[in-house]
Amino acid sequence: MVADFAQVAGVVIASVLGGAANSVAGGGMLLVFPALIGLGVPAVSANATSTVALWPGGLSSMLGYRDALRGTRAWVRVLVIPSLLGGLAGAWLLTRSTDGQFKALVPWLVLGATLLFLAQKRLGAWLRHRLQMATQGPAHADMLPPPPGAGAAVVQFLVAVYGGYFGAGAGIIMLAAFGLLGLTNVHQMNGLKNFLALLFNFVAIAMFAISGLVQWHLAVLMAMGSALGGHYAARYAQRANQDVVRQVIGVVGIASSVWLFVSR
């Protein structure tokens, strides 16, 4: 019973902190996933369970940006199928991975996602500069995005494969890709990113559920915890020092990757 209580308490704390982190600066997966590994959940199951638990927060983010999707219908039409197929392919790869294989990859995935997360601020500044140079004036906020080509579908498929397989940092990769592919409205980019992430995570969750990888008792607790953390953190998000939050998450992510390297 002590072990069970410790597991439940650890999951709730990790999920509350993960939801709060996502509300303030992002990076909740870098807190939740290592916590599950530390609690003894097998690596593949921990990844699947984390994806299920954090999906409601993704739905909330997508609904918050639904108005930003106006004018992106051509992009949605082109990128929906690659997102669904990529998420399915990534999830299938995960279900075919043994815990040993995935555990060997996990330290690299966590480290890479952490470094990408830490670079998010600089990447965001670079994107804003690039978008400003591309638009050259205040009228850019109402500009329609250019029609997407086949290259956009291929890029989104690859991002969705990564998202279905592991997912941490997928949103940052999508934003960078959208900027390089010609999108110039940051709000549209965020709306599109949230919508497409919701899609590839949904099909991934469906495959994880069918494959029996999800520990539902933990996933439900984590979903409630992350929703609670996100709800209350949102009230103070604008007062919080996001640089400090980002640094704390970065330290946790790097420490987790080192621990995963040592313990594998």
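Here, each number is a calculation from the coordinates, and none is a lab measurement. Source: prediction; values computed, not measured.
Need the full-extension length gain, residue 74 to residue 122, defined as separation in residues times 0.36 nm minus the C-alpha distance. One decimal, nm.
Stretched fully, the residue 74-residue 122 segment lengthens by 14.3 nm.
Extension gain residue 101-residue 13, at 0.36 nm per residue separation less the Cα-Cα distance, in nm?
Working: separation 88, 0.36 × 88 = 31.68 nm, distance 2.83 nm.
Taking residue 101 through residue 13 to full extension adds about 28.8 nm, to one decimal.
Between residue 63 and residue 220, what is 0.36 nm times their sequence separation minus the Cα-Cα distance? Round to one decimal in nm.
Additional length available on full extension: 54.4 nm.
Suppose we look only past 22 Å in the calculated P(r) of segment 31-110. What percent of the Cα-Cα pairs does that tail hold?
Every Cα pair in segment 31-110 considered, those over 22 Å come to 41 percent.
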